[in-house]
Amino acid sequence: MEELTLTTPSILFSAISLIMLAYTNRFLAYATVVRSLKIEHESNPTIIIRLQIENLRRRLNLTRSMQVFGVMSLLFCVVCTFFIYVGWKLLAAYIFGISLLLLVVSLALSVKELLISVKALEYRLEWVKKEGLKVDD
């Protein structure tokens, strides 16, 4: 096994930070959509809006999990850096491995959330189709 240096886990700091920023932006976009769907549902409740709200609930839960795993990955990177600093190389290597696994889980949840997001757009397109409006490809 290659020896872990302080720069190895440090490389992940910026990557995880950028991922967390993307997750936060996604969460803020969902908040805006939830507010607009609430207003739309109160004025004109339809099955499509209800399906979108249920879809958003699932996506928000996934986004929360993505963020938790991302933060835990960052935390384990910091702990790994500390362990390298104090000379506990073997423990640092295991902690770094856990950090990578947590990051993989976060990214896998992100893919799952993306697939669910597509479903929300399909609901909206189906509604447009039922209304008889033309949709350009």
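The values are calculated or read from the model by the stated rules, or taken from the named source; none is laboratory data. For clarity, every value in this text was computed on a predicted model and none was experimentally measured. Here the Cβ positions follow ideal geometry from the backbone for every residue, glycine too, while neighbour counts run over all protein chains shown. Note: areas computed on protein heavy atoms with side chains; ligands, DNA, RNA excluded. Shrake-Rupley method; radii C 1.70, N 1.55, O 1.52, S 1.80 Å.
Here are the numbers:
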| quantity | calculated |
| --- | --- |
| Pair list, Cβ under 8 Å, 6 or more apart: the stretch 63-77 residue under 11 Å from L107 (Cα atoms) and free of Cβ contacts under 8 Å to residues at least 12 places away in the same chain, other residue open to solvent by 40 Å² or more (accessible area, probe 1.4 Å) and in a helix (DSSP H, G or I) | none |
| Residue list for the stretch 5-61, restricted to those being among the charged types (D, E, K, R) and over 28 Å from G97 (Cβ atoms) | R35, K38, E40, E42, R50, E54, R57, R58, R59 |
| Residue pairs meeting the criteria (Cβ under 6 Å; at least 6 apart or on separate chains; first at pLDDT below 80, in the stretch 1-13; second open to solvent by less than 60 Å² (accessible area, probe 1.4 Å) and among the small types (G, A, S)) | L4/A92; L4/A93 |
| The stretch 1-23, subset over 26 Å from V86 (Cβ atoms) and open to solvent by 60 Å² or more (accessible area, probe 1.4 Å), residue nearest to the chain's Cα centre (by Cα) | L21 |
| Number of positions in the stretch 86-114 that are open to solvent by 80 Å² or more (accessible area, probe 1.4 Å) and under 12 Å from the mean Cα position of the chain (by Cα) | 4 |
